[in-house]
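K.L.:
The structure that follows is given in the form of structure tokens.
Derivation of every value follows stated rules applied to the coordinates shown; laboratory data play no part. Fair warning: this is a prediction, and the values are worked out from it, not measured in the lab. Because the Cβ atoms are built from the backbone with ideal geometry, glycine has one as well, and the counts that use them run over all protein chains shown.
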Amino acid sequence: MITFFTTANCLYCTYFAARIMSPIFKKEISQFFSSLTSHLAMGVFLLLMGLFLFIFPDTSILDYGYATLDKFFELAPFILLLLVPAITMRSFSDEFRSGTWELLKTKPISLQQVIFGKYFASLVIALLALAPTLVYVFTIHRLSINGSIDSGGILGAYIGLIFLTALFTAIGICCSSLTSNAVVAFLLSAFVCLIVYMGFGAVSQIPTLQGGADYWIENFGADLHYQNMSRGLVELKDLVFFIVISGLFLLFTNKLVMNR
């Protein structure tokens with residue numbers, strides 16, 4: 001029940017935000033799909049996931065012996081570390097580089113509408129890239145005995161991927177507002193996403209922190225919260241983490257753009 005309402009609320013908020021910021025939202029969507037680089041980014045993402053899940057022997061679910069998508073949900077965050085920065089890297093950097101930012105400021109729209117319009121457009125594009133992976137669920141269902149798969153765990157894991165994608169998108173938008181160079185924005189975004197996802201978990205493993213601060217440090221990393229949700233445990237504290245941290249990066253973006 002919680003997972004159903006969470007997904008419904010996510011879709012409703014995205015739709016509502018898109019309606020409010022429709023000019024910027026539509027502009028970002030059309031610009032993305034008119035670029036060959038954008039299509040390549042989505043194609044490479046799906047190709048890599050297919051190779052890892054069905055071809056490469058160390059990660060192939062066909063060699064695993066169980067009808068499960070655990071391998072997919074383990075690998076997906078690391079592929080998203082590259083996909084999402086590729087989607088968001090031009091959000092603000094191209095505006096600054098080409099000089100269209102000055103023109104955009106003269107339009108009758110607020111700074112918050114610009115930021116959220118770019119954010120939700122990038123998020124929708126990233127989720128569209130994830131949508132074809134639902135075929136894997138059908139594939140696993142057909143491969144399983146009597147169609148018995150952990151549907152609750154898969155649903156929870158997909159909700160976790162949605163929130164993780166939202167967090168990475170907020171980070172990418174923020175990094176794009178720091179520079180007019182799209183390549184620098186991509187590299188910086190990928191690095192920050194990596195730190196936020198697994199940096200805190202790695203620090204918590206330091207022996208001197210064991211039995212004390214390690215628990216609190218680990219809770220600042222997205223990995224712990226995503227892993228909880230990928231087991232089908234969609235808890236309020238994990239949802240709050242993703243929402244709050246995403247909001248902080250968007251708030252920081254607002255501050256950076258205002259300073260320009």
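K.L.:
Using every pair of alpha-carbon atoms in segment 80-178, split the distances into 5 Å bins beginning at 0 and state the percent of pairs per bin, rounded to integers.
P.N.:
Using 5 Å bins, I get a P(r) of 2, 12, 19, 17, 14, 11, 8, 6, 5, 3, 2, 1, 0 for segment 80-178.
K.L.:
Specify which residue in the list S176, L104, P207 is farthest towards the positive end of the charge dipole of segment 104-258, using unit charges on the beta carbon of Lys, Arg (+1) and Asp, Glu (-1), about the Cα centre.
P.N.:
L104
K.L.:
What Rg and what Dmax come out for segment 150-221 when only alpha-carbon atoms are used, in angstroms?
P.N.:
15.5, 45
K.L.:
Past 23 Å, Cα to Cα, is the threshold; run K26/K237; K26/K105; K27/K107; K27/K237; K26/K107 against it and keep the listed order.
P.N.:
From K26/K237; K26/K105; K27/K107; K27/K237; K26/K107, over 23 Å: K26/K237; K27/K237.
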